[in-house]
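Here's the structure we're looking at; comments come further down.
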């Protein structure tokens, strides 16, 4: 009988009462375990159980309330609905069964932690056995080198509270997260202000709010524009249109040259085309040509880029865009 009672107390992590039962011993003072220590123990549990323990660590839920939540499809769907809002960085999880005489409460977890639920076995069924969680934790704790008797996963609540205190999370929020009674007279209701509570978590854990819907739309628009430009660049590099661009640039160049020659002292267009620069033509014909149009020099530069085999697709793309600007300006 005594052995069975001790086993029951150990499973539920309860201290033996000192009155009414002849069980020797005093209520032990349990050691401090840091957040890093808890993560080290969790990493030594079976892979399928690790999300369960991490959720318990961040939410400060005990085993019974975690199991109830993990098997409650309605509450999990409510969490998924919050996750669809990309601006939410902390997700509120409603716990309808308060501790002892405490009312229902809500716990806040980061969105990446909330996305763990439901935690499933390899066969696809949700984890629902408190005993399995207990033995997974106990074995992992020993493998991690923590030889501590009666230090089960319920102590993750203590780890969370210690870390929250160290990070100076508001005491009201700490008590509310643990499911404790905040105010017996029910005058204190600030914990019902989700925006304020979320702000306290952000401050304590140094997290920044996610982008607003408008900012996300602007980001998506900018991404679409970049992708469109990249597609244009790829089209130039792969479709064989580079030769067509070169041909168009040369035709535009000849058109500009023709207009310019009509204003200078030369014999004919054919004679001009035999020379690469205006000064060579001037030395032969003894004429001093007028200053060539600036577009001509720019087109020559574009041609050098287009005809250079080492030019990248982006350089070709920029050259084409510059050519379109020159032609548009010269035809206005």
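Brief remarks follow.
- When 131, 175 are screened for being in the same structural domain as residue 76 (by TED's automatic domain parsing), on the phi < 0 side of the Ramachandran plot and under 30 Å from the mean Cα position of the chain (by Cα), only 175 passes.
- Boolean, residue 266 is surrounded by 13 or more Cβ atoms within 10 Å (Cβ to Cβ), in a loop (DSSP other than H, G, I, E, B) and at pLDDT 65 or above: no
- Residue satisfying condition, being buried (at least 17 other Cβ atoms within 10 Å of the Cβ) and under 23 Å from residue 166 (Cα atoms), within set 59, 34: 59
- When the residues of region 187-228 are filtered to those that are surrounded by 13 or more Cβ atoms within 10 Å (Cβ to Cβ) and more than 21 Å from residue 110 (Cβ to Cβ), the one that is modelled with the highest pLDDT is 190.
- One residue stands out in region 150-186 among those that are touching a residue at least 12 places away in the same chain (Cβ under 8 Å), part of a loop (DSSP other than H, G, I, E, B) and out of contact with any strand residue (DSSP E or B) (no Cβ under 9 Å at 6 or more places or on another chain): the one that is farthest from residue 106 (Cα to Cα), namely 150.
The values are calculated or read from the model by the stated rules, or taken from the named source; none is laboratory data. Since we're looking at a predicted model, the values are computed, not measured. Cβ sites come from the backbone with ideal geometry, for glycine too, and all protein chains shown count toward neighbours.
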